[in-house]
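Encoded as structure tokens, the structure appears first; notes follow it.
Here, each number is a calculation from the coordinates, and none is a lab measurement. Quick caveat: nothing in here was measured; it's all calculated off a predicted structure. In this analysis, Cβ positions are derived from the backbone assuming ideal geometry, glycine residues included, and neighbour counts consider all displayed protein chains.
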Amino acid sequence: MNAALFTTVLFAAGIAAGTAVRAFAPIFGIACLSLLVAMLCRGKIISSCASVATVFCAGVCAILCQQCAGAGHIADLGPSAGRVTAVRGWVVEEVKKEEGRATFLFKVEEVIFPASRRSCHGMIFVRCPAIPEQRYGDELLIEGGLLPLRFPERFGNRSDISYRMSVPSSYFIRPTGQNKGGICKKAAIRCREYLRCRLRQSLKPVAASVMEAMVLGEKDAVSPVTYQQMMRTGSVHILVVSGTNVAVVFFIICQLLKILRLPRWPRFCVTALFLVLYCALTGASNPVVRATVMSLVLMLAFQVRREPDIRTACCISLLFILFLDPRQLFDIGFQLSYASVLAIIILYPRLRALCPPLTMRWPARALSQGLLVSCSAWLGTAPLIFYHFRMISPVAVLANLFIVPLAGFLMFSGFSLMLLTSVAPFSAGIFSPAIEAGVAVMIRLNDALYRLPWSYIIVRQ
Amino acid sequence: MFPFTKQEKHAMLFVAALSLISTGVTFASKNSRVIRQVVEHNENLGKIDLNKADEGTLTIVPGIGPAIARRIVNYREANGGIRGLEDLSGIKGISSALIEKIRRYAYVGPVS
């Protein structure tokens, strides 16, 4: 077994086991001891066993550390949370505005009771009337009571988000400053807003919403009907910024830099920088971080003239995400993202070997290869989709065969549109009819596939 | 004649292809009804036809749960179809506010 894959599996197993453990100190002690043994012992078997124990215990420690809220956390308020009259803190993510209401995550720094106040930390989910200037980094004093979260699973059961606050009027929200938040994140949000405006100005509403999802990762912009239909046909992944988008960005940057005729290492650095910027721009969701880290690892392998191994790159990206936030292991999006990639990496060559040699001409060959890739991804994700959603989508193989190439074309066109209209806004007319037609065809094709008999099966519990 | 690199040619060809597709789509949609039906962004694009959708599909519409979906299907079968969104007001559990919400995600197609 690949060493990186083995390490990743062990670390993930440690994280899974960590959910059933409470004692941090003994596990941490075992991890330190086994690390010491692995470093000092010369016996190959003992050293290997100690390494295994170290990685496994590191996984357990990582999840235990994340789950520990710490002293003064807002979750410790317990029954007294109902007596809170106001909270002071700042907005930690982009404010989502819809139908006159705004929702955001709010990092609490102080809670105010009727007769006292107390410093604390942790996050709450706030729903309030939309205020035009409200944005990430705003410091606010919000009046209202704290209520338990209705759907904790919506936040991936994060232990640091404990309560929600529903504010009926903007009268109860007082800005106290605008100095919080990272400069990079602020810049990424501004840039995303700018690009969103460019798309909305250039395209019709439905096309703009789909392109926002495909290019900028704004899946909330897509109509719930389209989103659900695509979910049932197994093609919803194209509405999420993922490896395909990163591949398209990578390709465009490489082509542009080759036109500029930059030398090899500066080209690598600039490409890496743009990939990281794109990752930040799209909100750094799991699939983008995965694809970005994988691309960087593969690029670096090329640069230092090592043999690029896609499995190792995938495992490094998985370890990277799990090191940053071990709770992601239990996130459905994370599981599906890696299941599909690993299935393509592992199953596709095997399926291809099973099939007779592909000696036909390129359109037929491309079609059969696409079918095999689609089949591999479906086989990899079907058990997880059934487990989480009680759904099987036999039409997914067919849907992806047609929709993915169309989505690839739309992504290229979308990026070109954004680039071109940023420089010359009047040029939107060159691309917009093609993009709008592409989006319309994609939605209608998906609708037709969705209406096929047995296109999806929902098993009721 | 064209002192461009391979990448420059690719970039220019892509822009040319895209603008050609745009022109072709615009022309074809003006002259062919079939193509217009496929590529045009009419008000029903991405919406559900209340006269064709089954129970499972109706539950996709925000605000419609399994119970209301069943009632809509029963109403449709009993009355030979839905003639307008206002017909839904006769169904138990559907308020005028919900009809307005449904209007954003569904439409009433021809009765089959």
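Here are a few things to note about the model shown:
- Normalised by residue count, the stretch A:128-236 yields a Cα convex hull volume of 159 Å³ per residue.
- For the stretch A:300-348, the set of trypsin sites (Lys or Arg not before Pro) satisfying both a DSSP loop assignment and a count of at most 15 other C-beta atoms within 10 Å is given as A:Arg305, A:Arg306.
- Packing order of peptides B:62-68, A:180-186, A:289-295, highest average first: A:289-295, B:62-68, A:180-186 (average count of other Cβ atoms within 10 Å over each peptide's residues).
- Kirkwood-based Rg to Rh ratio, chain B, C-alpha trace: 1.29
- Around the amide H of A:Glu110, modelled in the peptide plane, lie the amide H atoms of A:Arg88, A:Cys120, all under 5 Å away and 5 or more residues distant in sequence or on another chain.
- The mean sequence separation of alpha-carbon pairs under 8 Å and at least six residues apart, normalised by the residue count of chain B, gives a relative contact order of 26 percent.
- Spin-label pair A:Ser80/B:Asn44, simplified geometry with 7 Å Cα→Cβ offset, distance in nm: 6.1 nm
- With N as its number of residues, the stretch A:216-285 has a Cα radius of gyration that, divided by 2.2 N^0.38 Å, comes to 1.40.
- Computed on chain A, with alpha-carbon pairs under 8 angstrom and 6+ residues apart, the relative contact order is 13 percent.
- Burial order of peptide ranges A:243-255, A:166-178, A:416-428 (average beta-carbon count within 10 Å, highest first): A:243-255, A:416-428, A:166-178
- Among the GluC sites (Glu not before Pro) in the stretch B:1-110, those located in a DSSP loop and surrounded by at most 12 other Cβ atoms within 10 Å of their own Cβ are B:Glu43.
- Tail fraction, Cα-Cα pairs, the stretch A:305-401, threshold 23 Å, whole percent: 37 percent
- Options A:Gly438, A:Ala353, A:Tyr387, ranked by Cα towards positive dipole end of the stretch A:337-461, top entry (Cβ charges): A:Ala353
- Sequence ranges A:124-136, A:448-460, A:374-386, ranked by mean other-Cβ count within 10 angstrom, highest first: A:374-386, A:124-136, A:448-460
- Helix-only CD estimate at 222 nm, as mean residue ellipticity for the protein assembly as shown, using -39500 (n - 2.57) per DSSP H run (n ≥ 4): -19000 deg cm²/dmol
- Residue-averaged beta-carbon neighbours from other chains (10 angstrom radius) around A:429-436: 6
- 5 angstrom amide H check on A:Arg101, placed H, neighbours 5+ away: A:Ala130
- The angle between the Cα long axis of helix B:66-79 and the main principal axis of chain B comes to about 80°, on a 0 to 90 degree scale.
- Local electrostatic count, A:Val373, Cβ distance below 13 Å [Lys/Arg +1, Asp/Glu -1]: +3
- Amide H contacts under 5 Å for A:Arg164: A:Phe125, A:Leu147, A:Leu149, restricted to partners 5 or more places along the chain or on a different chain, H placed in the peptide plane at 1.01 Å from N.
- DSSP-defined antiparallel bridges as percent of all bridges, the protein assembly as shown, nearest 5: 80 percent
- Qualifying trypsin sites (Lys or Arg not before Pro) for the stretch B:6-112 [loop in DSSP, other Cβ within 10 Å: at most 16]: B:Lys52, B:Arg83, B:Lys92
- Calculated Rg and Dmax of the stretch A:57-160 using C-alpha coordinates, Å: 14.8, 48
- Three semi-axes of the equivalent ellipsoid, chain A, Cα gyration tensor, whole Å, largest first: 37, 33, 23
- The charge dipole of chain A, taken about its Cα centre with unit charges on the Cβ atoms of Lys, Arg (+1), Asp and Glu (-1) only, comes to about 640 debye.
- Over the stretch A:79-127, Cα pairs under 8 Å with separation of 6+ residues give a relative contact order of 35 percent.
- Note on B:37-49: average number of Cβ atoms from other chains within 10 Å of each residue's Cβ is 6.
- Take the convex hull of the alpha carbons in the stretch A:377-461; its mean projected area over all directions comes to 6.9 nm².
- Computed over every Cα-Cα pair of the stretch B:17-70 and binned at 10 Å starting from 0, the pair-distance distribution P(r) comes out as 22, 31, 20, 20, 7 percent.
- Phi to ³J(HN,Hα) by Karplus 6.51 cos²θ - 1.76 cosθ + 1.60 over the stretch A:305-316, Hz, x for Gly, Pro: 6, 9, 5, x, 10, 5, 5, 4, 4, 5, 5, 4
- Couplings 3J(HN,Hα) for the stretch A:185-195, derived from phi with the Karplus relation 6.51 cos²θ - 1.76 cosθ + 1.60 (θ = phi - 60°), are 5, 4, 5, 4, 5, 4, 5, 5, 4, 4, 5 Hz, where x marks Gly and Pro.
- Taken over chain A, lysine pairs spaced eight or more positions apart, or on distinct chains, with alpha carbons under 28 Å apart number 21.
- Averaged over peptide A:204-210, the number of partner chain Cβ atoms lying within 10 Å of each residue's Cβ comes to 2.
- Residue-wise HN-Hα coupling along the stretch B:38-52, computed from phi with Karplus coefficients 6.51, -1.76, 1.60 (Hz; x: Gly, Pro): 7, 9, 6, 9, 7, 5, 9, 5, x, 10, 9, 7, 5, 8, 10
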